[in-house]
Each structure stands twice: as structure tokens, then as C-alpha cells.
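The values are calculated or read from the model by the stated rules, or taken from the named source; none is laboratory data. From a predicted model like this one, the values you see are computed outputs, not experimental measurements. All Cβ positions, glycine included, derive from the backbone under ideal geometry; neighbour counts span all protein chains shown. Side chains are part of the model used for accessible areas, which takes the heavy atoms of the whole protein and leaves out ligands, DNA and RNA. Shrake-Rupley method; radii C 1.70, N 1.55, O 1.52, S 1.80 Å.
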Amino acid sequence: MDDTRFLGLVIVGGLFFLAFILYLIFGRNKREKKSVPVGMQLLAMSPMFRYVMYAMGVIIVLFGVFFAFMAIAWDSEIAMGVILLLVHAFTGGMFFLAGYAFYSCHIFFDEEKLIIGRFCRSPDILKWEEVGRADFKKTRVLLYDIKGKKRAGASSGMVGYEKFRAIAKKKCDYFRKT
């Protein structure tokens with residue numbers, strides 16, 4: 001194994017280790033589970049996706065600080081260090097936003113309705129009676145309203161997917177028959 005491949009494996013391994021540490025400290029959907037309304041269940045992305053994004057953001061910001069100090073230490077222009085720091089801070093911020101997007105896109109559901117969380121917007125409420133069409137694929141469920149607009153989607157990697165699929169199948173079959 002050559003040095004560049006080994007270095008790549010070390011960096012990727014370090015990233016996943018940092019994400020795992022963040023997951024152990026903050027994770028396991030504790031915050032999301034506390035915010036679930038009474039009597040409803042949670043359908044959400046695995047928290048590991050969110051923590052990988054947060055870990056990437058931390059690493060990018062730390063690289064920015066390191067490169068900025070190195071640029072200043074090597075008698076480069078201070079403006080170059082500031083530009084490096086700003087670019088890395090912006091890129092790290094984008095990773096933090098991606099992590100927040102993974103957090104905010106969740107669905108609370110029960111036998112009556114769905115509360116669909118949306119990124120930077122208020123939640124959308126959809127009653128099962130308003131579901132016009134449901135597509136059940138092998139690993140995915142897509143729900144459309146009566147007008148044909150896609151309102152919710154779930155994939156098999158999400159926490160709570162099996163319960164959501166069972167309720168969606170039962171409710172959509174019930175409303176098709178009546």
C-alpha cells in the first residue's frame with residue numbers, strides 16, 4: 001500500500017472516528033425523541049449522517065485555522081491568512097447546514113396524521129385522508145396528496161421506517177377501499 005492511499009485511509013478513518021465520538025456524546029436521536037408529540041412516532045434519518053456532516057465542518061474549520069496561522073507564520077500577507085480562514089469557515093458552515101438539514105427533515109406520524117418537518121420552514125401537516133397516492137417500492141415509500149404533489153418520502157435506512165411503512169400501507173389501502 002503506497003503512502004497516499006494509507007493517508008487517505010487514515011483521514012477517512014479519523015473522520016468516522018470523530019463522527020462516532022460526536023454521536024456517542026450527543027446522538028441516538030435523543031433530542032428528536034424528546035420533541036416527538038405525545039402518541040406519535042418518529043421517522044428520521046440516522047443520526048450518523050448528521051454527525052458525519054458536523055465532523056466534516058469541524059475538520060474544515062480546524063484546517064482553516066491551521067492554514068491561516070501557517071500562512072501568517074511564513075511571512076505571508078495577513079490578508080492571505082484571513083482569506084484562507086474565511087473560505088474554510090464558509091465551507092465548514094455549509095457542512096453544519098447540511099447536518100441541520102438532516103436533523104430538520106423528519107416526520108412525526110400516527111394513525112390520524114403526519115407532521116412533516118422541513119428545512120428552514122414550518123412543519124407541514126398532512127392527514128391520511130388527504131393522501132391521494134402512495135408508491136410502495138422495495139426500500140422506499142412516497143406519499144402524494146390529492147393534487148399529485150409529492151408530500152413525504154421515506155427510505156429503509158431511516159429510523160422508524162418499518163412502522164411508518166406498515167401504517168402507510170394500512171391507511172392507504174383503507175382509503176382506497178372506502
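A few remarks follow.
- Restricting attention to the stretch 41-60, the residues being out of contact with any Phe, Trp or Tyr (no Cβ under 8 Å at 6 or more places or on another chain) and open to solvent by 50 Å² or more (accessible area, probe 1.4 Å) number 1.
- Residue in the stretch 47-66 that is assigned to a helix (DSSP H, G or I), among the charged types (D, E, K, R) and under 18 Å from Met158 (Cβ atoms) present: yes
- Filter pass, Asp145 being in contact with a strand residue (DSSP E or B) (Cβ under 9 Å, 6 or more places away or on another chain), more than 21 Å from Ala98 (Cα to Cα), open to solvent by less than 40 Å² (accessible area, probe 1.4 Å) and not polar (S, T, N, Q): yes
- Given (1) within 23 Å of the chain's Cα centre (by Cα); (2) more than 24 Å from Gly39 (Cα to Cα); (3) not small (Gly, Ala, Ser), index of the condition Tyr103 fails: (2)
- Sole exception among (1) surrounded by fewer than 13 Cβ atoms within 10 Å (Cβ to Cβ); (2) in contact with a helix residue (DSSP H, G or I) (Cβ under 8 Å, 6 or more places away or on another chain); (3) among the acidic types (Asp, Glu) for Asp135, by number: (2)
- Residue ID - modelled with the highest pLDDT, chosen from residues in the stretch 8-41 that are part of a helix (DSSP H, G or I) and under 23 Å from Glu112 (Cβ atoms): Lys34
- Yes/no for Gly81 being over 18 Å from the mean Cα position of the chain (by Cα), assigned to a helix (DSSP H, G or I) and surrounded by 19 or more Cβ atoms within 10 Å (Cβ to Cβ): yes
- All conditions in (1) closer than 30 Å to Ile60 by Cα; (2) surrounded by fewer than 16 Cβ atoms within 10 Å (Cβ to Cβ); (3) small (Gly, Ala, Ser) hold for Gly99, with the sole exception of (2).
- Within the stretch 109-131, being surrounded by 15 or more Cβ atoms within 10 Å (Cβ to Cβ), assigned to a strand (DSSP E or B) and not basic (Lys, Arg) holds for Phe109, Leu114, Ile115, Ile116, Gly117, Leu126, Val131.
- In the set Gly81, Gly99, Gly93, only one residue is at pLDDT below 85 and either among the polar types (S, T, N, Q) or out of contact with any strand residue (DSSP E or B) (no Cβ under 6 Å at 6 or more places or on another chain) (or both); that residue is Gly81.
- Against the numbered list (1) of a type outside the set (Val, Ile, Thr); (2) more than 21 Å from Leu22 (Cβ to Cβ); (3) modelled with pLDDT under 90, Phe66 comes up short only at (2).
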